[in-house]
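**Student:** Could you have a look at this structure, given as structure tokens, before my questions?
The values are calculated or read from the model by the stated rules, or taken from the named source; none is laboratory data. Owing to the predicted nature of the structure, the values given are computational and were not obtained by experimental measurement. Note that we place each Cβ from the backbone using ideal geometry, even for glycine, and neighbour counts take in every protein chain shown.
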Amino acid sequence: MELHNFEQFNLQPEIIKTLEFLKYNKPTNIQQLVLPQALAGKDLWVRSQTGSGKTAAFGIPICERIDWLPNHPQALVLVPTRELALQVAEELGNIGKLKRLKALPIFGKVSMERQELELKQKTHMIVGTPGRVRDLITKGTLPVDAISHLIIDEADEMFHIGLKEQVEDIIKLIPKNRITMLFSATLNDDIRSLTKTYMIDPIEITIQEETIPIENITQLSYPVEEQDKLELLRKVTIYYKPSSCIIFANTQEKVEMITKYLTRMHYPCFCLHGAMRQKDRIHVMNEFRLGAFGYLIATDVAARGIDINDVSLVINFDISRGNENYVHRIGRCGRLGSSGLAITFFTTKEQSVMERIMDYTGITIPVNDPNNLIVTKTDMDTHEMNLNKPIILKEKKGKELNQTITKLHIYAGKKDKIRTNEIVATICGIDGVTAEDIGIIQILKDATQVEILNHKGNLVLDGIKEKTIKGKVRKVRKCTR
């Protein structure tokens, strides 16, 4: 039976209201199949590509089933990359916002001490990469006794990059009495072994029409020698006029070289690769999602699980390493039923690689002659106009939801021995405010940040000026987002 709206799943009113704010109007195919089983507490093994609404498929039942009251995490989501950890944590946080649920991203190459401080706050969901998650569990600073939901996302990619042992170590450390859901784009022996060893009678769900997510993507290829690639790249971008474009290269050095070349040509572009500082990677991805620039030059760090729905052109400046990587790269366009174009450059020595990709996808990729790519004066004029058009940023996901929420900054924190119950009691002492209007509270060293729900931010801001916390009237201001 096809389900046309989320009310048919008998979800809590807070979840339904949040989904309306997030404009999740109709369940996708994967959500229709996964939600009934996940809400019933079944172990699931799901084969589906990214771009199918997968995160919400496990995020909605997690947020529905876990409780606000316990202080220890109740859900653990394992993902292969830092970018995906941030993205999934943001979506889970949005879905659980009106239930006051907090999702915390955990990954390496950032301060472990800072993450340990975060874990001392009330946290309901952890989204992390296996290495850092395992380290924190082993150290005893990530409590797992209350974990009731384990999600292994992009399992094939995690195992491909050598994280299988870390994932199994984590599974052995968390409670056996749990719900386990595994999501993977492909099937291999490692995944079969894991489902048999660590899952209880898992229900297998395959999203048939999305097993290879390239039906809406036009694929082309151009034979070109290495020294001529930059010139061809410029001609391709002028001729095809992408509204948004990702250019993939295989090495950090190549990515930086392409970025410098396009910058000299006045393209609005930035690069993304694994050697960048995490905060810089986060900034670049966020800006690209919002449309602050049109060209992202990246290694395969951007090929998996990055939620950008309106990329019109993907260019493989270097042919991908591995057939699955090719599919995931070009899958950055043509998402959620939209159309897209993917162009691959290949050298004479790489002809056999192109043939293997075609065998794998079952699709013949036309080979175009670069000499037939004629750029006209009209093409050039349009290209110049596109480079100089004003930037109109897209609406950030969850903006409408966040407009109902005000985050307040109270100038009192741990050094003042402030406790959560004191914050709640003070705010609830304001006429017209109840505990249901208080969202996530985060107590820092020198300050406390608290979310006020249901459009009551100004009411609390005005009322708290006359209240005392720990015997003192505290300065309070709105946080800027």
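**Student:** For the range 382-409, how many residues meet the condition of being over 27 Å from residue 88 (Cα atoms) and touching a helix residue (DSSP H, G or I) at 6+ places or on another chain (Cβ under 7 Å)?
**Tutor:** Of the residues in the range 382-409, 1 are over 27 Å from residue 88 (Cα atoms) and touching a helix residue (DSSP H, G or I) at 6+ places or on another chain (Cβ under 7 Å).
**Student:** Among the residues of the range 331-348, is there at least one that is touching a Lys or Arg at 6+ places or on another chain (Cβ under 6 Å), surrounded by fewer than 17 Cβ atoms within 10 Å (Cβ to Cβ) and of a type in the set (Phe, Trp, Tyr)?
**Tutor:** The answer is no; no qualifying residue exists.
Here is a yes/no grid of residues against (1) at pLDDT 90 or above; (2) among the small types (Gly, Ala, Ser):
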site	(1), (2)
121	no, no
124	yes, no
129	yes, no
133	yes, no
140	yes, yes
143	yes, no
147	yes, no
153	yes, no
170	yes, no
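**Student:** Can you name every residue in the range 94-122 that is touching a strand residue (DSSP E or B) at 6+ places or on another chain (Cβ under 9 Å) and acidic (Asp, Glu)?
**Tutor:** Hit for the range 94-122 is 118, nothing else.
**Student:** Tell me which residues, restricted to the range 124-148, are among the hydroxyl-bearing types (Ser, Thr, Tyr) and surrounded by fewer than 21 Cβ atoms within 10 Å (Cβ to Cβ).
**Tutor:** Residues satisfying the conditions are 138, 141, 148.
**Student:** Quick one: how many residues across the range 173-203 are in a helix (DSSP H, G or I), of a type in the set (Lys, Arg) and more than 26 Å from the chain's Cα centre (by Cα)?
**Tutor:** Going residue by residue through the range 173-203, those that are in a helix (DSSP H, G or I) are 173, 189-198.
Next, only the ones that are of a type in the set (Lys, Arg) stay: 192, 196.
Still in the list and also more than 26 Å from the chain's Cα centre (by Cα): 196.
Residues in the range 173-203 being in a helix (DSSP H, G or I), of a type in the set (Lys, Arg) and more than 26 Å from the chain's Cα centre (by Cα): 1 in total.
**Student:** Tell me which strands (runs of 3 or more DSSP E) are completely within the range 39-114 and hold 3 or more residues being surrounded by 24 or more Cβ atoms within 10 Å (Cβ to Cβ), of a type in the set (A, V, I, L, M, F, W, C) and assigned by TED's automatic domain parsing to the domain that holds residue 141, or say none if there are none.
**Tutor:** The strands (runs of 3 or more DSSP E) meeting that bar are 75-78.
**Student:** Something else about it: Taking the range 449-473, which residues are hydrophobic (A, V, I, L, M, F, W, C) and surrounded by 16 or more Cβ atoms within 10 Å (Cβ to Cβ)? If you could, list the steps in order and put the result at the bottom.
**Tutor:** Applying the first criterion (hydrophobic (A, V, I, L, M, F, W, C)) to the range 449-473 yields 450, 452-453, 459-461, 464, 469, 473.
Scanning the range 449-473 gives 450, 452, 453, 459, 460, 461, 464, 469.
**Student:** Looking only at the range 204-223, which residues are under 23 Å from the mean Cα position of the chain (by Cα), of a type in the set (A, V, I, L, M) and modelled with pLDDT of 60 or more?
**Tutor:** Matches in the range 204-223: 205, 207, 214, 217.
**Student:** Across the range 372-420, what is the total count of residues that are over 29 Å from the mean Cα position of the chain (by Cα), closer than 30 Å to residue 435 by Cα and surrounded by fewer than 16 Cβ atoms within 10 Å (Cβ to Cβ)?
**Tutor:** Count: 5.
**Student:** Something else: Of all residues in the range 149-165, count the ones that are surrounded by fewer than 16 Cβ atoms within 10 Å (Cβ to Cβ) and of a type in the set (Val, Ile, Thr). Steps first, answer last, please.
**Tutor:** Looking only at the range 149-165, we keep the residues that are surrounded by fewer than 16 Cβ atoms within 10 Å (Cβ to Cβ), and these are 161-162, 165.
Filter once more, so that each one left must be of a type in the set (Val, Ile, Thr): 161.
The qualifying residues number 1.
**Student:** If you don't mind, another one. Among the β-branched types (Val, Ile, Thr), assigned by TED's automatic domain parsing to the domain that holds residue 19 and in contact with a helix residue (DSSP H, G or I) (Cβ under 8 Å, 6 or more places away or on another chain), is that true of residue 147?
**Tutor:** So residue 147 fails the test.
**Student:** Is there any pair with a first residue in the range 155-175 that is without any contact (Cβ under 8 Å) to a residue 12 or more places away in the chain and a second that is crowded, with 17+ Cβ neighbours inside 10 Å and among the hydroxyl-bearing types (Ser, Thr, Tyr) whose Cβ atoms are under 9 Å apart and which are 6 or more apart or on different chains, and what are they?
**Tutor:** 172/198
**Student:** Still on this structure, I have one more. If you scan the range 306-317, which residues turn out to be crowded, with 23+ Cβ neighbours inside 10 Å and either at pLDDT below 85 or in a loop (DSSP other than H, G, I, E, B) (or both)?
**Tutor:** 306
**Student:** Within the range 343-393, which residues are part of a loop (DSSP other than H, G, I, E, B), within 30 Å of residue 186 (Cβ to Cβ) and of a type outside the set (Gly, Ala, Ser)?
**Tutor:** Those that are part of a loop (DSSP other than H, G, I, E, B), within 30 Å of residue 186 (Cβ to Cβ) and of a type outside the set (Gly, Ala, Ser): 347, 363, 364, 365, 366, 368.
**Student:** Something else now. How many residues, within the range 238-277, are basic (Lys, Arg) and crowded, with 16+ Cβ neighbours inside 10 Å?
**Tutor:** 1
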